[in-house]
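Here's the structure, in structure tokens; my notes come after.
The values are calculated or read from the model by the stated rules, or taken from the named source; none is laboratory data. In this text, all values refer to a predicted model and were calculated from it rather than measured experimentally. Every residue, glycine among them, receives a Cβ derived from its backbone with ideal geometry; neighbour counts consider all protein chains shown. Just the protein is used for accessible areas: all its heavy atoms, side chains included, with ligands, DNA and RNA removed. Shrake-Rupley method; radii C 1.70, N 1.55, O 1.52, S 1.80 Å.
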Amino acid sequence: MAETPLKRILIVDDSVTDLALICERLSPHYTPSVSNNVDDALRLLENTNPYYFVLTDLVMPEQEKNGIDLIRAMRTKPYPV
């Protein structure tokens, strides 16, 4: 019997350490894609197959945009999530 492919998720965080930890914890259950900023995350959402869910850090002080901006953009333009 063939295994069901893991669902794809997008993880957005400006901390490389947090991205690595989250990927480590979730990769047995999902296929994670990662982004360390909102603009790259939006490009991934536009240019790839749909994600099962998006997990984002809300506060990214070193970045121009934060997780709230990502959520607003996702609500404005319907991305295939």
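Every residue in the stretch 53-81 that is hydroxyl-bearing (Ser, Thr, Tyr) and modelled with pLDDT of 95 or more, please. Write out each step before concluding.
Initial filter on the stretch 53-81 (hydroxyl-bearing (Ser, Thr, Tyr)): 56, 76, 79.
Residue satisfying the conditions is Thr56 alone.
Under the condition of being touching a residue at least 40 places away in the same chain (Cβ under 8 Å) and outside any helix (DSSP H, G or I), which residue from the stretch 62-80 is most open to solvent (accessible area, probe 1.4 Å)? Going through the qualifying residues, I end up with Glu62. Here Asn37, Asn49 are screened, and the one residue that is exposed (fewer than 11 other Cβ atoms within 10 Å of the Cβ) and touching a strand residue (DSSP E or B) at 6+ places or on another chain (Cβ under 8 Å) is Asn49. If you go through the stretch 11-59 and keep only what is touching a Gly at 6+ places or on another chain (Cβ under 8 Å) and either in a loop (DSSP other than H, G, I, E, B) or of a type in the set (Asp, Glu) (or both), you end up with Asp57, Leu58, Val59. Taken over the stretch 23-70, the criterion of being among the hydrophobic types (A, V, I, L, M, F, W, C) and either within 11 Å of the chain's Cα centre (by Cα) or under 22 Å from Thr4 (Cβ atoms) (or both) is satisfied by Cys23, Leu26, Val34, Val38, Ala41, Leu42, Leu44, Leu45, Phe53, Val54, Leu55, Leu70.
So, Arg8, is that one in contact (Cβ under 8 Å) with a residue 24 or more places away in the chain, at negative phi and either in a strand (DSSP E or B) or open to solvent by 60 Å² or more (accessible area, probe 1.4 Å) (or both) or not? It is true that Arg8 is in contact (Cβ under 8 Å) with a residue 24 or more places away in the chain, at negative phi and either in a strand (DSSP E or B) or open to solvent by 60 Å² or more (accessible area, probe 1.4 Å) (or both).
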